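Here the structure comes first, spelled out in structure tokens, and everything after it is commentary.
The values are calculated or read from the model by the stated rules, or taken from the named source; none is laboratory data. Note that this is a predicted model, so its numbers are computed, not measured. Here Cβ is always computed from backbone atoms with ideal geometry, including for glycine, and neighbour counts include all displayed protein chains.
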Protein chains: 4
Amino acid sequence: MINIGVVGYGYWGPNLVRNFAELSEAAVTVVADADPRKLAAVQRRYPAARTTTDAQELLRDPAVDAVAIATPVGSHFELGMAALRAGKHLWLEKPMTETSLQARKLIDEAERRKRVLLVDHTFIYTGAVRRIAELVRAGDLGRIYYYDSIRVNLGLFQRDVSVISDLAVHDFSILDFLLGEHPVAVSASGINHFPGTPENLAYITLFYGSGVIAHANVSWLAPVKVRQILIGGSRRMIAYDDLEPSEKVKIYDKGVSFTDDPQKILEMRVGYRTGDMLAPKIDSTEALRVAGEHFIGCIDSGKAPQTDGRLGLRVIELIEAATSSMRGRGETVYLQRQEKIA
Amino acid sequence: MINIGVVGYGYWGPNLVRNFAELSEAAVTVVADADPRKLAAVQRRYPAARTTTDAQELLRDPAVDAVAIATPVGSHFELGMAALRAGKHLWLEKPMTETSLQARKLIDEAERRKRVLLVDHTFIYTGAVRRIAELVRAGDLGRIYYYDSIRVNLGLFQRDVSVISDLAVHDFSILDFLLGEHPVAVSASGINHFPGTPENLAYITLFYGSGVIAHANVSWLAPVKVRQILIGGSRRMIAYDDLEPSEKVKIYDKGVSFTDDPQKILEMRVGYRTGDMLAPKIDSTEALRVAGEHFIGCIDSGKAPQTDGRLGLRVIELIEAATSSMRGRGETVYLQRQEKIA
Amino acid sequence: MINIGVVGYGYWGPNLVRNFAELSEAAVTVVADADPRKLAAVQRRYPAARTTTDAQELLRDPAVDAVAIATPVGSHFELGMAALRAGKHLWLEKPMTETSLQARKLIDEAERRKRVLLVDHTFIYTGAVRRIAELVRAGDLGRIYYYDSIRVNLGLFQRDVSVISDLAVHDFSILDFLLGEHPVAVSASGINHFPGTPENLAYITLFYGSGVIAHANVSWLAPVKVRQILIGGSRRMIAYDDLEPSEKVKIYDKGVSFTDDPQKILEMRVGYRTGDMLAPKIDSTEALRVAGEHFIGCIDSGKAPQTDGRLGLRVIELIEAATSSMRGRGETVYLQRQEKIA
Amino acid sequence: MINIGVVGYGYWGPNLVRNFAELSEAAVTVVADADPRKLAAVQRRYPAARTTTDAQELLRDPAVDAVAIATPVGSHFELGMAALRAGKHLWLEKPMTETSLQARKLIDEAERRKRVLLVDHTFIYTGAVRRIAELVRAGDLGRIYYYDSIRVNLGLFQRDVSVISDLAVHDFSILDFLLGEHPVAVSASGINHFPGTPENLAYITLFYGSGVIAHANVSWLAPVKVRQILIGGSRRMIAYDDLEPSEKVKIYDKGVSFTDDPQKILEMRVGYRTGDMLAPKIDSTEALRVAGEHFIGCIDSGKAPQTDGRLGLRVIELIEAATSSMRGRGETVYLQRQEKIA
């Protein structure tokens, strides 16, 4: 039984508490939030949990084995570092930290203390993304040509982070999980339509050494909600619509083949292939439950989580590069990955 | 009655011949194509039209009042210039020419000879785009925030032009028509997945002096066909799906309002507004017919077409800028519009 | 403050308890269920509520003002009658009772004792149905021609009631609410594909004196889930898709007009009219909350609920007539409404 | 080379002429229509074809091998009989005749003279229906439970036939082709909303000896166009949407299984199964072309067409039964198939 303390009971914290409370091998021991009214709500729903307005007290509590932090990103580093130093395993909401330097320090601390550090890139734990990853890794798509994502809707405007940190972050983590490759360059454009606010609309292009090109179109200012990803490969192509209730992932037996046929060279050397479409059954277990069980399993086994600090760091590096490019109106930013952490 | 000669009877030429043949104030007098089999098809369907394999003969034919050119873009300039010099009115398929210099020369020639020069940017003549333009110009959308277009499908790969010239060209012309403003900067990314071919996938961002940001996502390598444009304004937003048979244009009474309410400032200074959605009845007259009648009308009246050479030139300038940026991996290209032509 | 006792904590009971608990003018005082494990769940979530395995005890509890019954339909009459005789106001889940005779007796008892009797035909309290009713009553659709409903999905097969009682019951209540008219005849076809079970698929046609024809296609054996209603009027037509997240109700300015124009009589005397489509903003308050507040309001004011026992009875009469027709392979059943209750 | 005469150049005749003209083994020799303007249109498009306002002349023309009749249904019998008596092979548009007696006489005449008689039930020649038939016949769906069709749109109102003859006729032919079984009973409801016109909306239920139930919902008075068929089987289920451009047929690995598991019997004896969905590639050859080639092939080989007179007759019998039931407000009509023709 892992005893968990949750810091932050705002937008996402209640989901964490509910989810950990439902796991048979975990218990929510303490919940911390600066707002006493929120803690009162915790007491009503979870009479067995203690509450406190003092996060530091929670972090020092010897009854707590692991800490989950769901506060605004500005406090992730400080709270996370304190938790690790107190010997706790650490669950951090995404994005991991404000800067890649902070992320490196957390990774370093966790490794030194042999604590589990999981960053909650939830999409990695969805049935849809896991199924797509199986297809990609098994070579069913052939050589990957591109990844093209649209995540737009009306709101929720954020105060402290841009739409890149809020929405494109999902694509950065999914790409890392699917491709196992870090981009070599990033070009991004974006705009804040309202002075003094973070960018609310952005277009990000990622270039990979293997030739893959990836693109994310993210916005808080669209009249319709869209969550759609296209992935093109030499053998098959995928359309993944996360809003579709029952057929989220469609696998198209479609493609293009190049030829040396002299007849066709006279035109264009392209042949088109089109076949069946398959929408495989997708595991519909709630992603947060899968992630929670994975966290507990990693604490028990000592293995690194699938969304460990290193993946979290690579995502932060992409946020930094994209933000830098965006503020330079699309200027290409080249990524030089440091092999060593810290 | 305007007598029209059509040069090129390949992919688009048959549509031009059919369309001009159906207009009561025009007649197709001659059709030229290098392929005698295609001319035989013309003879069967239009026994009254003459045919020739010699385009120059057509251009010199005194019975021809206006010439429509539907050949590959590489021959547009030469054929168009010869037609103008022979005193003909000129209809050019899009894109107008290979280079902006060629476009300037054609505009100059047409103006000197007082001939009508229409570039067939067909979308400008659709009921959907004309209805959207009315809304934009009447201020119904309020201040325009963004224009976001997706034009993707599987094929048709082109030999001589990139996907920008083939697909993004539609967005360039629509943007010019809607905004009446030329971008100040362009950033584009793209890729040719098959060596030795033009780019088959591209992402283009346009920045406008008024603050509008526009984006086009174009591809010949998508498993599904999408033709969708979102336009966001401060008062209303539009979703235009060109593949939707009956409700192409949807006007959303949705938006975001900023506030100085101190309560809201504590959170984010944003209020959301959501209301009715209206799908107005759209004129379904074939765009080519509208364009054809407009061409005849301009010849009669001496007025400039809505898609005149200058609009065609501005589109070519955007193709050039986007291509230049794309080949520099997203490097921003600034546009300095020359006020004077030629 | 109205104190409410809820009988039955199976499929729908938890929704009732949650909903009444959230109302400021109501409190859930007691919950009864035969299964102690379910009562334990109540205790955990609602420590302030008493629980009992003895429904009779709840019905006799002087602290209870109103009773909500969410048990299988077979016990509705007995429990409901006991509640009324104990002087409680009564909320009954749909369908109201097993037979129309039982329904008449409950209505009679409630009227004699001046108690509120509400049958939970939830759809009547949705924003979509209320908006459609406004349009119908204001004459915006013109003369109503037809109502056509499809409610199909895979499962949930019921043991005690047919698909008519489970799904068509929604259409019966909506039709009653929209038209304010009772059908004169019913013809239904249906089938139980698995011997010894109730019908799992049925087609019901209702004929109205005013000329309206209504049809419901209901099934537990469809590969896709559909909840769609078309309503045709002489001036406008409606398509209502309850699964559509944001544009549930679409109002089409479309129709047919008959003419005496001799030209048109030679063909068919029909002219078609097609115009804008409007998807009005729909109030998205949870229907159960609207119903709960309405129940409390009726208790306070003594007014009859919009879904009172008489509406519930008319629905039961339609279920009986449709079932009778269905078991006679579509034989028409004529409805003779008794003016007097009991 | 089969020489074909086409009678009737109204709504469907032009499609027949175009289609036969494109077949390499057929030629359109003569076209007859009462309206000289229509014949002028034939002359312009098909200079090689003769035209006549006298259908009898066409029927007697010794140069004609086969006659295709695309006139209103009221003249099908007289013209078809004359064609057969003149020794021609016969292609009849659907519905075959006004009465089943007329259909029997035509079948008899064709068999006596050993002429091919094809009724143009076009859907049987579509890639979608042929693919579904393969699945049904191979047992891939398991035991068939139901067939449920919706064919609704706004217009075209017909003068001489009801919506059953116009739209439900497609379902009658598809059902005959898929099931190879004739219904034992029919129950139909319908209405003509405009006095003096045929029914414009109808609901038809067909009962089969094997236990299959089929339903067709047809209307000329719907605000949206729908062409959707659901077919449920014990192993798989199909959703066929004829308006879907690329994925018309979806095969769901979904179903219900009944059990004797005592645990489950306590609830309902039903288990649900849900798996992948497959949208197979569908042959997109125009159905009319497939039918035309099939007609020529049958003339050459002497084999009976897949949509021969007997299928056409069975469809007429269903139209008659459904119409009879509809005019009796859903009264069940039992079908007693006569084994012998005439």
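Pairing residues of segment B:196-218 that are on the phi > 0 side of the Ramachandran plot with residues that are assigned to a loop (DSSP other than H, G, I, E, B) and of a type outside the set (F, W, Y), at Cβ distances under 9 Å and at least 6 apart in sequence or on separate chains, gives B:G196/A:R269; B:G211/A:H193; B:G211/B:R143.
When the residues of segment B:63-94 are narrowed to those that are within 14 Å of B:I2 (Cβ to Cβ) and surrounded by fewer than 17 Cβ atoms within 10 Å (Cβ to Cβ), which ends up nearest to the chain's Cα centre (by Cα)? Result: B:G87.
Kindly evaluate A:V136 against the criterion of being within 14 Å of the chain's Cα centre (by Cα), in the same structural domain as A:M237 (by TED's automatic domain parsing) and outside any strand (DSSP E or B). Spell out the reasoning first.
Details: within 14 Å of the chain's Cα centre (by Cα): no; in the same structural domain as A:M237 (by TED's automatic domain parsing): yes; outside any strand (DSSP E or B): yes.
No: the conditions fail for A:V136.
Here's a check for you: in segment A:271-301, which residue that is aliphatic (A, V, I, L, M) and within 22 Å of A:W12 (Cβ to Cβ) is surrounded by the most Cβ atoms within 10 Å (Cβ to Cβ)? Give the steps one after another, and end with the answer.
Here is the first cut: in segment A:271-301, the ones aliphatic (A, V, I, L, M) are A:277-279, A:282, A:287-288, A:290-291, A:296, A:299.
When the remaining residues are screened for being within 22 Å of A:W12 (Cβ to Cβ), the result is A:287-288, A:290-291, A:296, A:299.
Working: A:A287: 21, A:L288: 19, A:V290: 19, A:A291: 24, A:I296: 22, A:I299: 20.
Checked segment A:271-301; the qualifying residue surrounded by the most Cβ atoms within 10 Å (Cβ to Cβ) is A:A291.
For segment B:200-239, a residue qualifies if it is of a type outside the set (A, V, I, L, M) and in contact with a helix residue (DSSP H, G or I) (Cβ under 6 Å, 6 or more places away or on another chain), and the qualifying residues are B:N200, B:W220.
Residues are listed down the side, and each one gets a yes or a no for (1) at pLDDT 95 or above; (2) assigned to a helix (DSSP H, G or I); (3) within 14 Å of chain C (Cβ to nearest Cβ):
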residue: D:G297; (1), (2), (3): yes, yes, no
residue: D:G312; (1), (2), (3): yes, yes, no
residue: D:A322; (1), (2), (3): yes, yes, yes
residue: D:E331; (1), (2), (3): no, no, yes
residue: D:R337; (1), (2), (3): no, no, no
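Of all the numbered requirements in (1) touching a helix residue (DSSP H, G or I) at 6+ places or on another chain (Cβ under 9 Å); (2) buried (at least 20 other Cβ atoms within 10 Å of the Cβ), A:D166 misses one, and that requirement is (1). Filtering segment B:185-206 down to residues that are at the interface with chain A (Cβ under 7 Å from one of its Cβ atoms) and farther than 22 Å from A:G233 by Cα, which residue is surrounded by the most Cβ atoms within 10 Å (Cβ to Cβ)? Going through the qualifying residues, I end up with B:S187.
Of all the numbered requirements in (1) of a type in the set (A, V, I, L, M, F, W, C); (2) within 14 Å of chain B (Cβ to nearest Cβ); (3) over 30 Å from B:Y146 (Cα atoms), A:I107 misses one, and that requirement is (2). Got at least one residue in segment A:241-260 being surrounded by fewer than 19 Cβ atoms within 10 Å (Cβ to Cβ), modelled with pLDDT under 95 and touching a helix residue (DSSP H, G or I) at 6+ places or on another chain (Cβ under 8 Å)? Looking for residues that are surrounded by fewer than 19 Cβ atoms within 10 Å (Cβ to Cβ), modelled with pLDDT under 95 and touching a helix residue (DSSP H, G or I) at 6+ places or on another chain (Cβ under 8 Å), one finds at least one in segment A:241-260, hence yes. Within segment C:130-155, being crowded, with 21+ Cβ neighbours inside 10 Å and modelled with pLDDT under 95 holds for one residue alone: C:L154.
Within segment C:66-126, considering only strands (runs of 3 or more DSSP E) that don't extend past its boundaries, which have at least 2 residues that are among the β-branched types (V, I, T)? Step through it out loud before you land on a result.
Working: elements: C:66-69, C:89-93, C:117-120.
Fully inside segment C:66-126 and qualifying: C:66-69.
Taking every residue in segment D:272-284 that is within 7 Å of another protein chain (Cβ to nearest Cβ) and pairing it with any residue that is assigned to a strand (DSSP E or B) and among the hydroxyl-bearing types (S, T, Y), at least 6 positions away or on another chain, the pairs with Cβ-Cβ distances below 9 Å are D:Y272/D:S257; D:T274/D:Y252; D:G275/D:Y252; D:D276/D:Y252; D:M277/D:Y252; D:L278/D:Y252; D:K281/A:T274.
Among the conditions (1) surrounded by fewer than 23 Cβ atoms within 10 Å (Cβ to Cβ); (2) within 24 Å of D:V28 (Cβ to Cβ); (3) touching a residue at least 60 places away in the same chain (Cβ under 8 Å), the only one that D:S100 does not satisfy is (2).
Considering (1) modelled with pLDDT of 95 or more; (2) at the interface with another protein chain (Cβ under 7 Å from one of its Cβ atoms); (3) more than 20 Å from C:E134 (Cβ to Cβ), the lone condition that C:L230 does not fulfil carries the number (3).
Among the residues of segment D:131-160, the one identified as among the β-branched types (V, I, T), away from chain C (no Cβ under 11 Å) and over 18 Å from D:G211 (Cβ atoms) is D:I132.
Cβ-Cβ distances below 7 Å connect the following pairs, each with a first residue in segment C:76-96 that is farther than 16 Å from C:D308 by Cβ, a second residue that is among the hydroxyl-bearing types (S, T, Y) and surrounded by 21 or more Cβ atoms within 10 Å (Cβ to Cβ), and a separation of six or more residues or different chains: C:F77/C:T97; C:L79/C:T71. Among the residues in segment B:41-48, are any surrounded by fewer than 20 Cβ atoms within 10 Å (Cβ to Cβ), of a type in the set (K, R) and at pLDDT 95 or above? No - not one qualifying residue is present in segment B:41-48. Within segment D:112-148, the only residue that satisfies the criterion of being farther than 26 Å from D:D283 by Cα and without any contact (Cβ under 8 Å) to a residue 24 or more places away in the chain is D:R112.
Within segment A:30-55, the residues that satisfy the criterion of being in contact with a Leu (Cβ under 9 Å, 6 or more places away or on another chain) and of a type outside the set (D, E, K, R) are A:V30, A:V31, A:A32, A:T51, A:T52, A:T53, A:A55. The set of residues in segment D:242-253 that are outside any loop (DSSP other than H, G, I, E, B) and either more than 10 Å from every other protein chain (Cβ to nearest Cβ) or of a type outside the set (D, E) (or both) comprises D:V249, D:K250, D:I251, D:Y252. Remark: C:R131 matches the filter, which requires a residue to be assigned to a helix (DSSP H, G or I) and under 17 Å from the mean Cα position of the chain (by Cα). Restricting the search to segment B:37-59, which residues are within 21 Å of D:Q43 (Cβ to Cβ) and assigned to a helix (DSSP H, G or I)? Result: B:A40, B:A41, B:V42, B:Q43, B:R44, B:R45.
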